[in-house]
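**Q** Before I ask anything, here is the structure I am working with.
The values are calculated or read from the model by the stated rules, or taken from the named source; none is laboratory data. Everything quoted here is computed from the prediction, not taken from an experiment. Every residue, glycine among them, receives a Cβ derived from its backbone with ideal geometry; neighbour counts consider all protein chains shown. Protein only, heavy atoms only, side chains kept; ligands, DNA and RNA dropped before computing areas. Shrake-Rupley method; radii C 1.70, N 1.55, O 1.52, S 1.80 Å.
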Amino acid sequence: MPEIMFMIKLSNVSKSYQVDEETTFFALRQVSLEIKEKEFVSITGPSGSGKSTLMHLIGLLDKPTTGEIIIGEKKISVLNDDDLSSLRNEFVGFVFQQFNLISKLSVLENILLPTVYSRKELNYDPQKKAVDLLNKFGLFDKKNSFPNKLSGGQQQRVAILRALIMEPKLILADEPTGNLDSKTGHEIMRLLKDLNEKEKITVAVVTHEADIAAYGRRIVRVKDGKLVKS
Amino acid sequence: MNYALFIIKSALEDFKRSKMQTFLTSLGIVIGVFAVIMLMALGLGLKKYISDQFDSLGKNTLFIAPGKVLQGGSFGVSSFLGNRFDIRDLNRLSRVRSIVGLAPMSSKSGEAKGSIKSDYVTIFFSSSDFADISGFSIDKGRLFDKADVSKRAKVLVAGPKIAEKLFGSSVDAIDKKVSIDNVNFTIIGVLKSKGGGGFGGPDYDSYFFGPYTTGFLFDPQKQFTRFAVKADPNVSIEQVKDDINRAMLQRYKEDEFSIVEPSEIMSVVNSIFGIMNIVLVAIASISLLVGGIGIMNIMYVTVSDKTREVGIRRALGARKKDILMQFLVESIALSVIGGAVGLGLAAIGVFFVQNYFPAYIDLLSMSLALGVSSSIGIIFGVLPAKKAAALEPVEAIRYE
Ligand SMILES: Nc1ncnc2c1ncn2[C@@H]1O[C@H](COP(=O)(O)OP(=O)(O)O)[C@@H](O)[C@H]1O
Ligand SMILES: [Mg+2]
């Protein structure tokens with residue numbers, strides 16, 4: 001039985017938008033990319049180059065116009081919306097630039113939100129796991145606070161805890177330091193690096209900053225919707 | 001965390017943070033439900049009032065009223081024109097062999113001065129048969145009898161409530177004087193409570209009853225508004241009606257009087273209430289439609305306000321149907337809150353109206369209020385919720 005060398009694979013993936021009747025704009029053009037298990041990849045490139053588009057495709061939030069995305073052994077083109085939702089729920093954890101916590105839910109409720117949407121039998125108590133994670137990240141005393149009472153760094157840590165609650169294989173972070181000062185940004189990056197090294201979670205970080213991209217053991221460069229060899 | 005609990009909590013959390021908006025949005029439903037429940041309560045009260053009038057009457061009771069009371073299954077006009085009977089009719093009817101009890105009816109309202117306080121009261125004047133025919137029985141003292149009637153005795157029998165109000169208690173009222181429109185009466189008895197009033201039915205407990213001859217003090221024309229008759233149980237009711245008809249025709253034309261069985265009146269009352277209910281449903285539909293559109297409108301606003309949130313939830317694994325449910329629960333909650341508030345206001349309204357009228361809210365109108373308002377939430381919430389569910393995850397998460 002051949003070992004699967006990649007956890008997610010994009011082959012000849014393009015994403016285009018119809019600007020008007022004559023013009024088609026390609027946000028991504030013929031991208032082929034493999035992300036292997038336990039990898040730490042940085043995806044970097046100038047603003048507007050298509051990094052977020054790439055991340056949304058990897059995270060199954062978006063579908064390619066042409067080309068195929070394969071996760072494990074599954075072609076995502078044959079999956080329906082519910083299957084994709086389940087995969088996002090169980091397989092991927094997202095971290096965003098704007099933290100994207102839900103303002104009317106408490107810290108604890110935000111962290112537990114993915115478990116609400118889970119249809120798989122969890123082999124742990126989510127409530128207990130959330131509390132453990134909060135303790136580990138030094139946020140236990142904030143568990144009943146609301147996001148707007150937290151600093152940016154704290155909010156991003158809560159977002160990472162929310163990404164971790166389902167024990168995902170892959171964490172996708174889109175400019176996770178973009179709204180943080182440099183010191184806090186590096187703290188967050190060290191945290192992601194720790195998760196990759198100690199918990200063996202695959203991490204892909206999208207960033208336009210070179211020093212943030214440097215955390216990756218592999219750097220993928222995007223320019224005008226195409227991958228460029230580094 | 002429990003899924004259902006979580007989405008309900010999400011919806012309520014939203015309302016907590018925008019109380020004014022929640023209130024204004026559900027105002028349409030509040031007013032709609034309030035109006036319908038209130039009207040239903042008044043209708044029910046009226047119906048109970050009328051049916052209670054006849055409840056205490058036995059099978060063998062008939063009414064004789066001036067004019068045509070019932071015409072083609074509905075109340076006739078002439079019954080309200082104020083035609084009256086008089087003592088000649090009473091005498092004629094008392095000679096009908098198949099009548100075993102005869103109670104003429106007239107009434108007088110006025111200011112009554114008791115030992116403790118004064119109140120505006122109504123006296124029913126009738127014969128000594130009235131208690132038997134109407135199902136009253138005496139609690140303290142005695143009823144007035146034939147001798148009181150022939151003597152035109154200024155005696156009254158009091159309902160227990162009015163006795164207590166004017167004199168402190170039933171016992172204290174006995175043998176006391178009460179002055180009504182400057183005529184002094186002696187209270188010779190107090191009736192047992194018939195219930196009614198307050199929560200439904202006419203408040204017999206608050207009336208006075210006296211000999212009809214004494215009532216002539218207030219009515220020089222010596223007239224009666226109607227007769228209540230107890231038919232001989234050994235004679236068929238049709239036969240009794242025939243006998244009465246013959247007696248009355250000696251003086252009146254066919255259409256100048258009616259002989260009515262309580263059951264006939266009840267069937268007319270029921271058919272009138274059938275029509276009233278249709279009108280109610282029409283009013284309800286219009287006001288609830290307006291309320292529903294209000295909810296739909298605010299839900300569209302909510303969906304567009306929460307586009308980003310939908311994107312986040314979708315990224316975390318929410319399916320389309322999870323998003324649909326979230327918004328549907330919110331619109332149902334909005335609408336049910338409106339319905340419950342409307343119901344509560346109607347309950348308060350009914351509570352106050354009950355001082356004057358026996359309105360009440362029954363289980364049907366309660367379940368109707370909540371059932372209809374939750375349906376409104378579903379019907380008018382489903383389009384906005386579908387719009388939210390149909391949002392593309394990537395577009396929602398990119399939404400600024
Ligand atoms: N829905 C869309 N319609 C049209 N153009 C889009 C849409 N989404 C993204 N784009 C365009 O695709 C390009 C790549 O965007 P993005 O992936 O967000 O870039 P990056 O994250 O590298 O800054 C940008 O020029 C952007 O304007
Ligand atoms: Mg971007």
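**Q** May I ask you to derive the relative contact order of the stretch B:103-230, considering only C-alpha pairs under 8 Å and at least 6 residues apart, and to give it as an integer percent?
**A** In percent, rounded to a whole number, it is 36.
**Q** Compute a Gaussian network model of chain B, connecting alpha carbons closer than 10 Å, and tell me which residue from B:62, B:24, B:345 fluctuates the most.
**A** Answer for the Gaussian network model of chain B: B:24.
**Q** If you don't mind, another one. What nm value, rounded to one decimal, do you get for the distance between residue A:65 and residue A:210 when each label is placed 7 Å out toward the C-beta?
**A** Taking the two extended label points, one gets 3.2 nm.
**Q** What is the calculated FRET efficiency for residue B:184 to residue B:151, with r their C-beta to C-beta distance and R₀ = 22 Å, to the nearest 0.05? Before the final figure, lay out the partial values.
**A** Numbers: r = 15 Å, r/R0 = 0.70.
For residue B:184 and residue B:151, the calculated efficiency is 0.90.
**Q** Provide a whole-number value for the mean count of partner chain Cβ atoms within 10 Å of the Cβ atoms in peptide B:391-399. Can you show the working numbers first?
**A** Details: counts 0, 3, 10, 10, 3, 1, 10, 5, 0.
Mean partner-chain Cβ count within 10 Å for B:391-399: 5.
**Q** Between B and A, buried accessible area summed over both sides at probe 1.4 Å, in Å² to the nearest 100? Each step should come with its number before you reach the end.
**A** Details: alone 20240 and 11920 Å², together 29410 Å².
It comes to approximately 2800 Å² buried between B and A.
**Q** With a sphere of radius 14 Å drawn around the Cβ of residue A:69, what net charge do the other residues whose Cβ falls strictly inside it have (Lys, Arg +1; Asp, Glu -1)?
**A** Details: positive: A:9, A:15, A:63, A:74, A:75, A:88; negative: A:34, A:62, A:68, A:73, A:83.
Surrounding charge for residue A:69 is +1.
**Q** Any chance you could check the Cα centroid distance between the stretch B:247-295 and the stretch A:62-137 for me, in angstrom?
**A** What the calculation gives is 62 Å, centre to centre.
**Q** Still on this structure: Using the Cα atoms of the stretch A:6-229, I'd like the radius of gyration and the largest Cα-Cα distance, Dmax, both in angstrom.
**A** 17.5, 57
**Q** Here is a follow-up. Which of rounded, prolate, oblate describes the stretch A:1-124, given a ≥ b ≥ c as roots of the alpha-carbon gyration tensor eigenvalues and a/c under 1.5 marking rounded, otherwise prolate only if a/b is larger than b/c? Present the calculation step by step, with values, prior to reporting the outcome.
**A** Numbers: a/c = 1.78, a/b = 1.29, b/c = 1.38.
Verdict is oblate for the stretch A:1-124.
**Q** Order B:97, A:162, most accessible first, counting only protein heavy atoms with a 1.4 angstrom probe. Intermediate values should be presented prior to the final figure.
**A** Numbers: B:97 215, A:162 5 Å².
Heavy-atom accessible area, descending, gives B:97, A:162.
**Q** Output ³J(HN,Hα) for the stretch A:109-114: one whole-Hz value per residue in order, computed from phi by the Karplus curve 6.51 cos²θ - 1.76 cosθ + 1.60 with θ = phi - 60°, and x for Gly and Pro.
**A** The phi angles translate into 5, 4, 5, 7, 3, x Hz.
**Q** Compute the signed sum of charges (Lys and Arg +1, Asp and Glu -1) over the other residues within less than 11 Å, Cβ to Cβ, of residue A:151.
**A** Working: positive: A:142, A:149, A:157; negative: A:181.
Net charge around residue A:151: +2.
**Q** Specify which residue in the list B:110, B:155, B:133 is farthest towards the positive end of the charge dipole of the stretch B:103-230, using unit charges on the beta carbon of Lys, Arg (+1) and Asp, Glu (-1), about the Cα centre.
**A** The residue sitting most towards the positive pole is B:155.
**Q** Long-range amide H contacts for residue B:176: which residues qualify at under 5 Å (H placed 1.01 Å from N, peptide plane, sequence gap of 5 or more or a different chain)?
**A** So residue B:176 has HN proximity to B:187.
**Q** Per residue of the stretch B:125-133, what does 6.51 cos²θ - 1.76 cosθ + 1.60 with θ = phi - 60° give for ³J(HN,Hα)? Whole Hz please, x for Gly and Pro, Karplus curve as stated.
**A** 9, 7, 9, 6, 7, 4, 5, 5, 5
**Q** So, with +1 on the Cβ of K and R and -1 on the Cβ of D and E, and no other charges, what is the size of the charge dipole of the stretch B:308-379 about its Cα centre, to the nearest 20 debye? Walk me through the intermediate numbers first.
**A** Details: 6 positive and 4 negative charges, 109 e Å.
Here the stretch B:308-379 has a charge dipole of around 520 debye.
**Q** Right, next: Which residues in the stretch B:152-192 have a backbone N closer than 12 Å to a point placed 7 Å from the Cα of residue B:87 along the Cα-to-Cβ line?
**A** B:152
**Q** Hey, in the GNM for chain A with a 10 angstrom Cα cutoff, which one of A:138, A:67, A:93 fluctuates hardest?
**A** Judging by the Gaussian network model, the answer is A:138.
**Q** Non-local amide H neighbours of residue A:220 (under 5 Å, H modeled in plane, Pro and chain starts lacking H): which ones?
**A** Close amide H contacts, sequence-distant or interchain: A:42, A:43, A:44.
**Q** Need one number: nm distance between label points at residue B:255 and residue B:235, each 7 Å from Cα along Cα→Cβ, rounded to one decimal.
**A** 2.9 nm
**Q** While we're on this one: Rg/Rh for the stretch B:315-394: what does it come to with C-alpha atoms and Rh from Kirkwood? Don't jump to the answer; show the numbers that get you there.
**A** On the way: Rg = 18.0 Å, Rh = 14.5 Å.
Rounded to two decimals, Rg/Rh equals 1.24.
**Q** Okay, moving on. Quote the relative contact order of chain A in percent (integer), defining contacts as alpha-carbon pairs under 8 Å separated by 6+ residues.
**A** On the way: 424 pairs, mean separation 69.2, N = 230.
Relative contact order, chain A: 30 percent.
**Q** In deg cm²/dmol and to the nearest 500, what is the mean residue ellipticity at 222 nm of the protein assembly as shown if only DSSP H runs of at least 4 residues count, each as -39500 (n - 2.57), divided by the residue total? Don't skip to the answer; put the middle values down first.
**A** Working: 21 runs with 294 residues, N = 630.
The helix contribution divided over the protein assembly as shown gives -15000 deg cm²/dmol.
**Q** Leaving ligands, DNA and RNA out of it, rank A:56, A:186, A:208 by accessible area with a 1.4 Å probe, largest first.
**A** On the way: A:56 10, A:186 45, A:208 105 Å².
The most accessible residue leads, giving A:208, A:186, A:56.
**Q** Additional query: Scanning chain B for helices, which whole DSSP H stretches are 20 Å or more long along the axis (Cα) and average 1.0 or more by Kyte-Doolittle?
**A** B:19-55, B:262-305, B:320-353, B:363-389
**Q** Report the residue, chosen from B:36, B:260, B:157, that carries the largest GNM mean-square fluctuation when chain B is represented by alpha-carbon nodes joined by springs under 10 Å.
**A** B:260
**Q** Using the Cβ atoms and a cut-off under 13 Å, what net charge is assigned to the surroundings of residue B:188, where Lys and Arg are +1 and Asp and Glu are -1?
**A** Here the count lands on +2.
**Q** With every protein chain kept in the model, how would you rank B:306, B:387 by accessible area, 1.4 Å probe, largest at the top? Could the numbers behind the result be given before it?
**A** Values: B:306 20, B:387 100 Å².
Largest accessible area first, the residues go B:387, B:306.
**Q** Sticking with this one: Got a number for the accessible area of residue B:252? Probe 1.4 Å, square angstrom, nearest 10.
**A** Counting only protein heavy atoms, the figure is 40 Å².
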